[in-house]
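Comments concern the structure below.
What follows draws every value from the coordinates through simple rules; no lab data is involved. Since we're looking at a predicted model, the values are computed, not measured. No Cβ is skipped: glycine too gets one built from the backbone with ideal geometry, and neighbour counts run over all protein chains shown.
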Amino acid sequence: MKNQKGFTLVELIASFTLALVIMFFLFQIVITVKELYVSSGLKTEMLIRQANLERQIGLDLKEKVLTKVATCGTDCYRLTFGDNSTKDLKVDRNKNIVSYGAYQISIQDGSKIGNFTITKNTVSGVSSGKDNTILLIDIPITNKVVTGRNFGVHMVYQYDSRMINIGL
């Protein structure tokens, strides 16, 4: 009887097939991890920009008394405060920039700015000296990579409309 060393053709085909299947699954894992990495980085960057813009607006709304809100053009509102200072909150869709006063944030590539609105809702029956009106500032910002998530500005300001007539 001869000593036969080596692999048969069937064994070689089976081992190559097994190796290809393992490589395919590893490749899918690498692609998934890469997509998660890109998506997480984008989410983080957009959340940082959202927080910074909301912080700028929030500081003024907290420290100053808002006395008037008026439009100053397309996608632009001028906020006037009790100390007679004004700041414009505006959206430039051509340059993908949202600005509040001198502070600006540029929107990430692949992002879209939705309809910019400032609305107010007054509740009747609120006792005197209590806030009866809510001012809602909404600038929706979405991204095609991170679906189902809004990274825009969503702010609420409460005031007593019997004492201050903000307008709108």
Given backbone amide H placed at 1.01 Å from N, residues whose amide H is under 5 Å from that of residue 152, ignoring those fewer than 5 places away on the same chain, are 141
When the convex hull of its Cα atoms is projected in every direction, mean area for the range 1-112 (nm²): 12.2
Spherically averaged projected area in nm², based on the convex hull that wraps the Cα atoms of the range 65-131: 6.3
Could you give each residue of the range 57-64 its phi-based ³J(HN,Hα) in whole Hz, using Karplus coefficients 6.51, -1.76, 1.60 with θ = phi - 60°, and x for Gly or Pro? 5, x, 4, 5, 5, 7, 8, 10
Computed [θ] at 222 nm, deg cm²/dmol, the chain (DSSP H ≥ 4; -39,500 (n - 2.57); rounded to nearest 500): -12500 deg cm²/dmol
Values of log10 I(q)/I(0), in the order q = 0.11, 0.15, 0.17, 0.22 Å⁻¹, for the range 44-168 under a Debye, Cα-only, solvent-free model: -0.40, -0.70, -0.87, -1.30
Please list, in chain and number order, the residues 5+ apart from residue 64 or on another chain whose amide H is under 5 Å from its amide H, with Hs placed from the backbone. none
Computed over the range 32-126: relative contact order in percent, which uses C-alpha pairs under 8 Å that are six or more apart: 17
Take the cross-link list 43/68; 34/95; 68/90; 90/130; 68/112 and give me the ones stretching past 22 Å between alpha-carbons. 43/68; 34/95; 90/130; 68/112
Set Lys and Arg Cβ to +1 and Asp and Glu Cβ to -1, take the dipole of the chain about its Cα centre, and tell me which of 74, 137, 44 lies farthest positive. 44
Taking Cα centroids, how far is the range 73-131 from the range 21-67 in Å? 22
So if I average 1/r over every pair of distinct C-alpha atoms in the range 116-168 and take the inverse, what Kirkwood radius in Å does that give? 12.8
